[in-house]
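Data block below; observations after.
Readers should treat all values here as calculations from the given coordinates under stated rules, not as data from a laboratory. No experiment lies behind these values; they were computed from the predicted model shown. Glycine also receives a Cβ, built like all others from the backbone with ideal geometry; neighbour counts cover every protein chain displayed.
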Amino acid sequence: MNANQANQQTIERMIGARPILKTIAQASEVIPALRERRLLHAGPPIEWDRMSGPLRGAVIGATLFEGWATDAEAAEELASSGAIDFEPCHHHGAVGPMAGVTSPSMAVYVIENQTHGNLAFSNLNEGYGKVLRYGAYAPEVLDKLRWMNDEMGPIVKVAIEAAGGLDIRALLAEALHMGDEGHNRNKAGSLLFAKLLAPYIAESSADAATRRKVVEFLGDNALSVLNPVMAACKAMADAGHGVEGSTLVTAMARNGTDFGIRVSGLGTDWFTAPAGIPEGLYFSGFSAADANPDIGDSTITETAGIGAFAMAAAPAIVQFVSGKPQDALDATLEMYEITFGEHSHFTIPPLDFRGSPTGIDIRRVVELGITPRVNTGIAHREAGVGQVGAGLVRPPIEIFEQALLAYAERYDLG
Amino acid sequence: MSTIAHEIRRGAYADSIVLMQLQSSLAQLEGVDDAGVVMATEVNLELLAASRLLPEALSGVGPDDLLIVVRAESDDAAAAALAEIDRLMSRDAGSLGFSGSGTAAFRPKSLRTALDGSPQARWVLVSVPGRYAAQVAREAIRADRHVFLYSDNVTIDQEVELKREARERGLLVMGPDCGTATIGGVGLGFANRVQPGAIGIVAASGTGLQSVASRIDALGAGISQAIGTGGRDLSQAVAGATTLQALDLLAYDPATRVIVLISKPPAPEVAAGVLAAARATRKPVVVSLSGTAPPLEKLSNLWFAQSLEGAADRAVELLGLQPTASHVSPAQPGDAPKDSPKASPRASNTGFVRGLFSGGTVALEVTQALRFLVAPLASNLGVDGVADASIEASIGHTILDLGADEFTVGRPHPMIDSDLRQRRISQEASDPSTRVILLDLVLGDGAHPNPAGELAQVIRAAVEGPGAGSGARSDAGSCERSGVEVAVVVIGTDKDPQNLDGQVEQLQQAGAAVFRTIGGLVEFVADRFVGAVSPLPSRLELEDFDSISCINVGLEHFHDSLAAQEVGVVHVEWRPPAGGNERLQAILAKMG
């Protein structure tokens, strides 16, 4: 089978995957690797020594959350001692935004790809401000996590199940027609998410104040749906992974130090190089000097054909690409240069409902020297400060070249 | 009796306007009574039921599922309607956001994207560095586009391959190293602004093309199409691939009434085919073989020019003589095939000319004239570009001066004693590869008193062929097949002692064609050997040359020039593949 035939199969599997949000579960129940003292993190594999500030902060926070240590100092000592195992979320069907740290007792969304049967997971979104995913671990951060885990989680779980599951692909398709691109802008999708769950939350046995708080939290947080969206994208991308001979990217992820990709036809190998600093807009009081290198698994959205790839659908956030709607169109048009297919469910109104560019082809990236665009939040380089801006970043071209060379070796192309 | 059929698309979200459109399109299909396209919410299912569109035994659908229902006259009509869904839902492929006009600012980064996004652009201008040029041109050809290949340093093997593939697909490759062309009034590359008109140009030389076009414009005439071929097109390897296609195009282009063909000195074996194609156009063709003495001044519809300027002058003059209403000028009697512009029934590429001359200068002139008309040509006259003939036996087309030293050692000159010539005529006639024998007959004082009488018998034997004596082949029509044709140029006056008319009559009675000029003799040959044109595998589409729009890969300058001419043009921001890394390029090439 040649690369094009293999890629056709990959793309059909990716697009044909139908990710349904089934429930919320405790991570250790659904991710066997988390039955041990282990933390999952965003991006390709990394050890404590090379971890950036926000990732270390999130590790400390998760260690405290799990009760493996009682204070930050002890947590840091434990984490640096080798007593905690670190593995990428991606190795266990999971994805997490920014630091992406997922610990055994955290609640996770469970997505099932109804077409191919694979599962994917993502933790719950904490909203803005001081949050674990940006490396914050102050008591109020952990308090919020506990509230999400113990109060909100069970209510939302019941609501999801009562709704018979939520079709996240359909939700995304609609959100793209409402100005979202699914990565940096999830305002419409989050409102749809809250709206779909609200009737079932209203039926919950919790008291009125709690029900109100949950609905308010989901509705106020314009990123509520990001985590189920990421898990849905993971489920779609994983459906396309492992096709012999395929040159399409099935994972892009950053751990705050390295940017890594995986390729459908190249097994479980990661191809990595140092992550760049995003270019973008900064919140007042911050500048590029405060920015951590690119971090997070949220690039799974671009991998699946949305995010920066669907920028043309999101004119409201064109400030990230300089401010003119034409630039948003150009951003998406450029991504068609490096993708193998067009999504049949994710369509873009300003491009005459053309399907979004889907399936990054390492051949095209290397040939044209055009790397994928990524819309991203920007983390402060120090643990716990939080988000300092948002903008655009591209992975280093070297990782695609490495992948191409590995492909040549594996498939005997000299 | 109506039937209801449905299809469920699970999790397929579409905006309600899209659904309504699909519903309306389905309802309009033949045999369809009504259609419903809804997200399967409870409310919508009730609405379907109210419209008698709710399928029986519908279960397991929910609000995320797209339900498409048709009520039709028959099961077949219903099935046919459902089969149309994808087509009806597909977006209009006309605009992908960079049509080359309007608000579109996006510049594609790859030819592939430009090709996909600009189906109307039938031309691709390629001016990338030579080592990448063939690859870019090939991609364009495989996407069914004509190519203007400005780049140089394309290998001749690549050129042959590109042109072969293009010809098979009915596409034109101008170049490589093609600097200029004017297609549909649009200047490509470096082009003069010339007024539109009725003269078509085919040129292997860029400056040649520009000189002729400019001169034509200065003389008040204009250009229909000016097609560059690239400097190597008339080489043996490339074999005039582009030139032949261009001549064929101009032959049936109604706007072209006169053609100018500008060549660098062509490979002789290629020249014959090209001149044949020029004759087959049945339009006046002015031929300029730069750097070479023309073989003759005129050959049926071909005029040979001494210079570029002369070519332009002649073309304009011929245009003045052309009827303006008709695009096909009647061919002159006996000159060119009438039945088809593609091939003469009489001309074919089989058999050879054998010239057996007694006059050295006559033989020389015939050799020079035939140099670009037949191939392979050999002679014993030492003409540039013509092989030395073997004295003992002829191979290929051969012109011999039998008065040359190697034939006259120990015997009289053939003008006096025709014994050698008679024996050679017999020898050639018995060679099955001989098709035409050319002779001269020189009269005057001092020459043989009855030279025609000397040759008449051997000529008749040659014409009638070996089977004639047995009576087995008495049919006049088939005699020609078994014998050879003999043509004689008679040099002399009606005052010469041999009696000119009587000599001519004897030769004609023997079966020879008789001419009074060398030009007549050459035309006789050309009629037989120059005119067979092999049909092209696929013809060029005239409308592609009418009003053009382009994709430009390479020099931005060419994009700007086209935009200034108000031509639709998409510029590809091309960069060397893999940043110029050869190892990665090699891998990419293997991956396809």
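At a Cα cut-off below 18 Å, give the aspartates and glutamates reachable from A:K157, other chains included and same-chain residues fewer than 8 away excluded. Of all the aspartates and glutamates, those that pass the test against A:K157 - Cα under 18 Å, at least 8 places apart if same chain - are A:E29, A:E112, A:E126, A:D167, A:E203, A:D207, A:E216.
Taking a ≥ b ≥ c as the square roots of the eigenvalues of the Cα gyration tensor, an a/c ratio of 1.5 or more together with a/b no larger than b/c marks segment B:3-89 as oblate.
When the pairs A:K130/B:K109; A:K22/A:K324; A:K324/B:K590; A:K130/A:K195; B:K109/B:K590; A:K144/A:K234 are compared against a 31 Å limit on Cα-Cα distance, A:K130/B:K109; A:K22/A:K324; A:K324/B:K590 fall above it.
Just add up the charged neighbours of B:T243: K/R +1, D/E -1, any other residue whose Cβ is under 14 Å from the Cβ of B:T243.
Around B:T243, the charge tally is +1.
List the DSSP H helices in chain A whose Cα atoms stretch 27 Å or more along the helix axis and whose mean Kyte-Doolittle hydropathy is at least 0.5. Within chain A not a single helix satisfies the rule. Sorting the segments B:280-289, B:5-14 by their residues' average number of neighbouring beta-carbon atoms within 10 angstrom, most packed first, yields B:280-289, B:5-14. Shape class of segment B:352-529 from the alpha-carbon gyration tensor: rounded, with the ratio a/c of largest to smallest axis under 1.5.
How much net charge surrounds A:F309 when only the other residues with a Cβ under 14 Å from the Cβ of A:F309 are counted, with Lys and Arg +1 and Asp and Glu -1? Once all neighbours under 14 Å are counted, the net charge is -3.
Per-residue Cβ counts within 10 Å, from other chains only, averaged over A:162-169: what number is that? All intermediate terms of the calculation are to be shown ahead of the outcome.
Working: counts 0, 2, 3, 2, 1, 8, 2, 5.
Shielding by partners across A:162-169 averages 3.
In this label model, A:A198 and B:L47 are separated by 2.1 nm, measuring between points 7 Å along each Cα→Cβ vector. If you line up the long axis of helix B:308-321 against the longest principal axis of chain B, both from Cα atoms, how many degrees apart are they, to the nearest 10? Result, in degrees: 80. Close amide H contacts of A:T250 (hydrogens built in the peptide plane, cut-off under 5 Å, sequence separation of 5 or more or a different chain): A:R262, A:V263, A:S264. Applying 1/(1 + (r/R0)^6) with r as the Cβ-Cβ distance of B:Q457 and B:D152 and R0 = 60 angstrom yields a FRET efficiency of 0.50.
The angle between the Cα long axis of helix B:16-27 and the main principal axis of chain B comes to about 60°, on a 0 to 90 degree scale.
For segment B:376-461, a/c is not less than 1.5, where a ≥ b ≥ c are the root eigenvalues of the C-alpha gyration tensor, and a/b does not top b/c. That puts it in the oblate class. Extension gain for A:F353 to A:A138 (0.36 nm times residue separation, less C-alpha to C-alpha distance): 72.8 nm. Note on A:E73 and B:S426: their simple-model spin labels are 12.7 nm apart, each label 7 Å out from Cα toward Cβ.
Between B:D15 and B:E165, the FRET efficiency from the beta-carbon distance, with R0 = 35 Å, is close to 0.20. Computed from the C-beta positions of B:E582 and B:S2 and an R0 of 56 Å, the FRET efficiency is 0.25 to the nearest 0.05. If you add up the charges near B:R145, with Lys and Arg at +1 and Asp and Glu at -1, over every other residue whose beta carbon is less than 15 angstrom from its beta carbon, what do you get? It works out to a net charge of -1.
Across segment B:249-289, the residues whose backbone nitrogen lies under 19 Å from the label position 7 Å along the beta-carbon direction of B:L542 are B:249-260, B:278-285. So for the protein assembly as shown: antiparallel DSSP bridges make up what percent, rounded to the nearest 5? Here the share of antiparallel DSSP bridges comes out near 50 percent.
Straight-line cross-link partners of B:K283 among the lysines, defined as a Cα under 18 Å from its Cα and at least 8 positions apart when in the same chain: B:K298, B:K338, B:K342.
Were the residues from B:E297 through B:R516 laid out at 0.36 nm apart, the gain over their Cα-Cα distance would be 77.2 nm. Taking a point 7 Å out from the Cα of A:R37 in the direction of its Cβ, the residues of segment A:87-110 whose backbone N falls within less than 18 Å of it are A:87, A:102-106. Taking Cα atoms only, the orientation of helix B:130-142 departs from the longest principal axis of chain B by about 70 degrees.
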